[in-house]
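Down below is the structure, laid out as structure tokens.
The values are calculated or read from the model by the stated rules, or taken from the named source; none is laboratory data. Remember, it's a predicted structure, so these values are computed and weren't measured experimentally. Heavy atoms of the whole protein, side chains included, go into the accessibility calculation; ligands, DNA and RNA do not. Shrake-Rupley method; radii C 1.70, N 1.55, O 1.52, S 1.80 Å.
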Amino acid sequence: MGNRVKGRAKPKSQKAASSSSMGSKRKLSRMGKKQKSNHSGLDATFINRSATLRKLGITLKDFQRLCILKGVYPREPRGR
């Protein structure tokens, strides 16, 4: 019936072998569950300038000074 030799361990399935070395996100996409858009990466963590000003409770001029002092140059991520 089968071509397996007696006494040898049964080989693992191809699915288990291919997914064991992957990261969790890649494994989810491989198993049929796609990652939702804007739920990972830079798009998920990005906060635009007006939302940042509201959260910090400062003026635009203060925000620009703060960015210069911290050495941060805010810009929108690619594809947004």
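Quick look at the numbers
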| read-out | value |
| --- | --- |
| Residue-normalised accessible area of segment 21-80, given per residue in Å² at a 1.4 Å probe | 93 |
| Lysines whose Cα lies under 28 Å from that of residue 34, excluding same-chain neighbours fewer than 8 positions away | 12, 15, 25 |
